[in-house]
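Reading through the structure tokens given below for one structure.
The values are calculated or read from the model by the stated rules, or taken from the named source; none is laboratory data. Keep in mind that this is a model prediction, so the values were computed, not measured. A quick note on method: Cβ atoms are made from the backbone with ideal geometry, for glycine too, and the neighbour counts reach across all protein chains shown. Surface accessibility is based on the protein's heavy atoms, side chains included, excluding ligands, DNA and RNA. Shrake-Rupley method; radii C 1.70, N 1.55, O 1.52, S 1.80 Å.
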Amino acid sequence: MSGKIAVFFDRDGTLNVEAGYIKVLENLVLAADASEAVRTLNQNNILAILVTNQTGPARNYYTESHVLALNKRLCDLLEEENAYLDKVYYCPHLASGIVTEYSFDCNCRKPRPGMILKALEDFPDIEIDKSYVIGDKATDIELAYNVNCKGILLTTGYGQQVIDGTYQELNCKPHYITNNVYDAVQWILKDINKTNY
């Protein structure tokens with residue numbers, strides 16, 4: 001029996017509109033075509049999994065329960081559009097944070113692989129070398145390389161700044177670049193069909 005393919009999504013600037021550290025729940029707004037992108041994966045029996053760095057608690061901007069509430073709002077907004085995430089993982093840690101409980105050097109902060117390694121424990125049938133990471137930061141593309149996935153860079157959020165060299169350093173070449181998360185999913189479906197041909 002063949003395993004499952006997974007798409008690991010970043011959150012801010014990818015599935016929801018980049019809005020900095022979101023302190024008001026209602027300010028989390030779905031990105032254009034995010035629900036269609038996730039729903040397309042659902043319909044094609046491809047896992048849609050969130051992997052997001054959320055350092056707000058470490059920076060003392062808000063509590064970890066607020067991160068959970070933001071992630072729940074994202075899931076609820078997607079479900080209103082008949083789309084769903086199979087699992088949500090987040091990293092609240094930051095080595096240089098000011099809240100001791102969250103301020104340490106962890107293995108789950110992207111581009112380190114901890115969140116995806118946890119997903120592989122929870123979904124042991126994932127074929128990681130056939131899976132994908134979609135995000136708007138260089139760290140998302142590095143994460144893809146670190147776990148042997150293909151990485152797709154969105155020019156939404158911080159993505160264009162990454163390409164311009166004004167935000168983070170892009171040390172790994174994305175497998176695809178697009179300004180639209182649904183287009184990213186369409187590319188994935190074509191890539192899967194090409195690989196299986």
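Descriptive notes on the structure:
- Region 1-106, accessible surface, carbon-and-sulfur percent (1.4 angstrom probe): 48 percent
- Against the chain, whose longest principal axis is taken from its Cα atoms, helix 64-80 shows a tilt of about 30°.
- Scattering curve values for region 14-90, log₁₀ I(q)/I(0), Debye with Cα scatterers, q = 0.16, 0.26, 0.27 Å⁻¹: -0.57, -1.30, -1.37
- Pairs of lysines in the chain whose Cα atoms sit within less than 19 Å of one another amount to 26, provided the residues are eight or more positions apart or on different chains.
- For residue 188, the shell of other residues with beta-carbons less than 12 Å away shows a net charge of +2, using +1 for Lys and Arg and -1 for Asp and Glu.
- Counted charge near residue 35, where neighbours are those whose Cβ lies closer than 11 Å (Asp, Glu -1; Lys, Arg +1): -4
- In region 85-172, trypsin sites (Lys or Arg not before Pro) in a DSSP loop with at most 10 other beta-carbon atoms within 10 Å: none
- Overall form of the chain per C-alpha gyration tensor (a/c, 1.5; a/b vs b/c): rounded
- Chymotrypsin sites (Phe, Trp or Tyr not before Pro) restricted to region 115-187 and DSSP loop, no more than 16 other C-beta within 10 Å: 167
- Alpha carbon convex hull of region 80-197, volume per residue in cubic angstrom: 144 Å³
- Summary of packing: across the peptides 61-67, 7-13, 19-25, the per-residue average of other C-beta atoms within 10 Å ranks them, highest first, as 7-13, 61-67, 19-25.
- With all protein chains kept in place, the per residue accessible area of region 36-188 amounts to 46 square angstrom at a probe of 1.4 angstrom.
- Summing Cβ point charges (Lys, Arg +1; Asp, Glu -1) relative to the Cα centre of region 66-151 gives a dipole of roughly 320 debye.
- Cα gyration tensor shape for region 47-144, rounded if a/c is under 1.5, else prolate or oblate: oblate
- The fraction of accessible area contributed by carbon and sulfur in region 134-197 is 46 percent, rounded to a whole number (1.4 Å probe; ligands and nucleic acids excluded).
- Length available on full extension from residue 123 to residue 173: 0.36 nm per residue minus the Cα-Cα distance, which gives 15.3 nm.
- For the chain, calculated [θ]222 nm from helices alone, where every DSSP H run of n ≥ 4 adds -39500 (n - 2.57): -10500 deg cm²/dmol
- Placing unit charges on each Cβ (+1 for Lys and Arg, -1 for Asp and Glu) gives region 47-187 a dipole about its Cα centre, and among 84, 147, 106 the Cα reaching farthest toward its positive end belongs to 106.
- Calculated FRET efficiency, residue 84 to residue 193, Cβ-Cβ distance, R0 = 25 Å: about 0.60 to the nearest 0.05.
- GluC sites (Glu not before Pro) restricted to DSSP loop in region 121-190 with at most 10 other C-beta within 10 Å: 169
- Measuring r between the beta carbons of residue 43 and residue 166 and using R0 = 41 Å, the FRET efficiency lands at 0.65.
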